[in-house]
1. If C:R341 passes every condition in (1) over 21 Å from C:D259 (Cβ atoms); (2) part of a strand (DSSP E or B) but one, which one does it miss?
2. Please give the number of the condition C:H323 fails out of (1) more than 18 Å from C:L273 (Cα to Cα); (2) surrounded by 14 or more Cβ atoms within 10 Å (Cβ to Cβ); (3) of a type outside the set (K, R).
3. Could you identify the single residue in A:F186, A:F237 that is under 26 Å from B:S108 (Cβ atoms), surrounded by 18 or more Cβ atoms within 10 Å (Cβ to Cβ) and of a type in the set (F, W, Y)?
4. Kindly list the number of the only condition in (1) in contact with a Phe, Trp or Tyr (Cβ under 9 Å, 6 or more places away or on another chain); (2) closer than 26 Å to A:I221 by Cα; (3) without any contact (Cβ under 8 Å) to a residue 24 or more places away in the chain; (4) not charged (D, E, K, R) that fails for A:Y53.
5. Could you count how many residues in region A:256-274 are of a type in the set (S, T, N, Q) and more than 10 Å from chain B (Cβ to nearest Cβ)?
6. Which of the following residues is in the same structural domain as C:G253 (by TED's automatic domain parsing), surrounded by fewer than 17 Cβ atoms within 10 Å (Cβ to Cβ), of a type in the set (A, V, I, L, M, F, W, C) and in contact (Cβ under 8 Å) with a residue 24 or more places away in the chain: C:A314, C:A309, C:A277, C:A268?
7. Please identify the pairs in which a residue from region B:1-28 that is free of Cβ contacts under 8 Å to residues at least 24 places away in the same chain has its Cβ atom under 7 Å from the Cβ atom of a residue that is hydroxyl-bearing (S, T, Y), counting only partners at least 6 apart or on another chain.
8. Working carefully through the options B:S60, B:S39, find the one that is more than 27 Å from B:F199 (Cα to Cα) and modelled with pLDDT under 95.
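The values are calculated or read from the model by the stated rules, or taken from the named source; none is laboratory data. Keep in mind the model is a prediction, meaning the values are calculated, not measured. Don't worry about glycine lacking a Cβ; one is built from the backbone with ideal geometry, like all the others, and counts go over all protein chains shown.
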Amino acid sequence: MRRLENIGLLALPGLTFLAVIFALPLLLLLLKSFQIDGQFSLEEYRLFFSDEYNMSVLWRTLRVAALTTLLALLIAYPTAIAMSRANGIWLSIFLVAMVLPMSVGVVVKAFAWSIIFRTRGVLNDTLMSLGLIDAPIRMLFTETALIIGAANVFLPFMVLPIYAVLRQMDNRLPEAAASLGATPVFRFFNVTLPLSLPGVVAGCAFVFSLAVSMYVIPSLIVGERQQTLSMLTARSFLFLRNEALGATISSILLIIAISVVLGSSWLANRLGARQ
Amino acid sequence: MTGTDRLFLVLSWTIGLCCVVFLMLPIVITVAASFTSSSVYTLPPPEWSLRWYQSLERRSGLWEAVTLSLNLALVSTAISLVLGTLAAVAVTRGRFKGREAIATFTVSPLMMPGLVVGVALLQFFREIGLRDAYWSLLLGHIVITLPFVMRTLLASMSAFDFSLVDAARTLGLSYPKAILKVLVPNLAPAYLTGGLFAFLASMDNYPISIFLTDARNKTLPIKMLQYLEEQPDPSLAAMSSGLILMAVIALVVGARTVGLNRMIEG
Amino acid sequence: MQSSAGTEPDKRAYLDVVGVGKAFKGTTVMSDMDFRVARGELVSLLGPSGCGKTTLLRIIAGLTSADAGDILLDGRAITRVPAHRRNISVVFQSYALFPHLTVAENVAFGLRARSVPKSDIAPKVNEALQLVRMRDFADRPVSALSGGQQQRVAVARALVVDPVLLLLDEPFSALDRKLRETMQVELKSLLRDRGMTAIFVTHDQEEAMGVSDRIAVMNAGRIEQFATPSELYARPRSSFVMDFVGLSTRLRGRVQKTDGTTMQIETANGLVLANGALGVGSDVTVGVRPELISPCAGENTISVTLADAMVLGAKTQLHGVSHTDDRLLCEVPGIQTTLTRGQDVTFGWSIKDTLVYEAHR
């Protein structure tokens, strides 16, 4: 590599492409949502936020995303710990369980969950044959079903960053803590947990932004009855032909996504600065 | 090891194994449901049968959707690999300001809501007068695939010790030969994993594609959701099982050639 | 310096490792290991990598469990006591400082783990940092420290909890040579002043000789010899110890004749006389320390051609090669310039300085 000054030019094709086909459209979308007939205006946002139904959808979307992230974290953290200590065949089992579902599409998995949660579906049949319930309970179209399904789909994105951090952690650190008199509980809360926080932040940011904007999973599991922001966007574009509303909601989703990215990288930097 | 240590260990392994089961559940259920003889989803099926696989032939538009999806995935991944290689070399080898920012920017589509990108592209293409559905879809799918490629290429190129190329040159290899013999073998795993995940992401994409299709150009995920609304019989489980088989093949190829552990890096 | 008077029959044993064995995945790395350390003693475990010295250290610390045997500390069995209740501090090779904590927080860690009242922690941390001359760095993140500074923090962190025993795993290996020597002197006097009992694990014989009262030379999971540095150097008990501790010239030979006190050993370079009483016909390894060889004469002599004369400052090394291609090493004090490469010389040494070991195999 002789002319290192000019090597930067190699980035131009890719950068130009993303600038024109990705950044510019998003920017235009954002700009347009603040305009009515070419004039700066917050009218669309005022309309959106003053509508009680819209607000309930916004609230539901955020609540579902937060609960999905929480559920995924609760399952993922212990899993990542077990995984970071696993070797050989067990590690392979864990890795396959992460990579295979990631490679299978969202459409397939969301469809599978809709089979599982059906009133005459797999879960109800199982529960009834075990005698745990007498009559099928309604699961499809509930928020709980949505959260479980979404957590399932996004789980690998929570486990893998935490696993990566734990795997990299110096094994001597918990040992040093033990030799200094720290009990296992003290060790966990004062060494392992704080050191794994960057992975937790990355995982939560990823899962939350995926969950806020998920579309396929709620359409298959809860359907039209309980709208989310994404479904409302799609509906306003594809069925209602109310593009102004769609553009506004898209911009809100975009602003949420950007805040999550900025917020998490700020947090990660703060955590990183101490390490 | 104390009792508390053991409790921690047992707890994390129990949850970990439950997590494995939980993750595999939808895949196993789908495959099992696809072999049913009944026309509703009951498990275990009353009788095993291949009838839903046979019924796929009669599904109108399925083959067109499959070929369109494969076409988009292959072409967009190939273009992304070219654009990605150039950009990754520039970022890891160049000496200019803002390299970090460029790296973040090229990976950022991963963090943006797909639906919003779809909406934005829809409006943008309309404004510039791009009406062709195939070209719209292809451009959209490059936005999907490029960050996957960038992520793995950036990770493995910045980990690559470029003095190895110099070492090979002092040992008598010409510059192109040194690149071929030293750099390429070291980056091959990154190309494979980045390419695989990009391909699968394109195959699976719904939220961007839905805004860019027309009546004649429908990708597989869009077609599947449409079938689900029109006629939700177990033939959908059969289609899904086909996609699962594709993912399994990708996984086996990846695990065999680069190893599972490297597949999740980057 | 030795332990205070006690009532037990063996008052010298403060740490007593009895019959410890350990296997990893079916491979025995240590069996029936006995090892005793007196109170206030500084001891080194010296050996090549893989000899089991770190395993022994980890077993004493409670970080690895022994398959067999017992660990006694001050007469009390601690074999089943978990690491965090042993009050044995460890300084790790990589120092294992907590990257998310500052210097002071690292030092305070053990005190917080022991639930020492907050008001007592600060003065103790201060004192410990003072001891290692790191008080000005108290609020720095540990990643901002140099290797030597990190080591000082690790030592302060280990000592602030008043451990009953201090274990150090290759504590100097990450430091450059100059700094290493300074830190060795500093640490040794620090431990002496506090009357601390400490065990160093190292593969560096100079380091072991510099810091310890006694050295246990380990090989393949066994202690070959446990003695003071001078004893180890002057009277190595095996050819392994002779090779591992200090430089030496080795020759192969066979005992030809013995009169009970002196042996005549046949080597490719002629007869060599040595003290000892090995059986006639035994294959032996003969060794001589380089500074005991004189480049002119002695009771045993071998003619060599000088392959090199290296002036090292305080001493000059003469590398001789005999007609059988055996290499002999001679060291003379000061700068020696009269002997040069290519010259023929006679290397000689006295009978009492000849070390003889039965050859393996």
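1. It fails just one condition, (2).
2. The one condition C:H323 does not meet is (2).
3. Among A:F186, A:F237, only A:F237 is under 26 Å from B:S108 (Cβ atoms), surrounded by 18 or more Cβ atoms within 10 Å (Cβ to Cβ) and of a type in the set (F, W, Y).
4. (1)
5. 2
6. On inspection, the qualifying residue turns out to be C:A268.
7. Correct list of pairs: B:T4/A:T183; B:I15/A:T79; B:G16/A:T79; B:C19/A:T79.
8. Result: B:S39 is the single residue among B:S60, B:S39 that is more than 27 Å from B:F199 (Cα to Cα) and modelled with pLDDT under 95.
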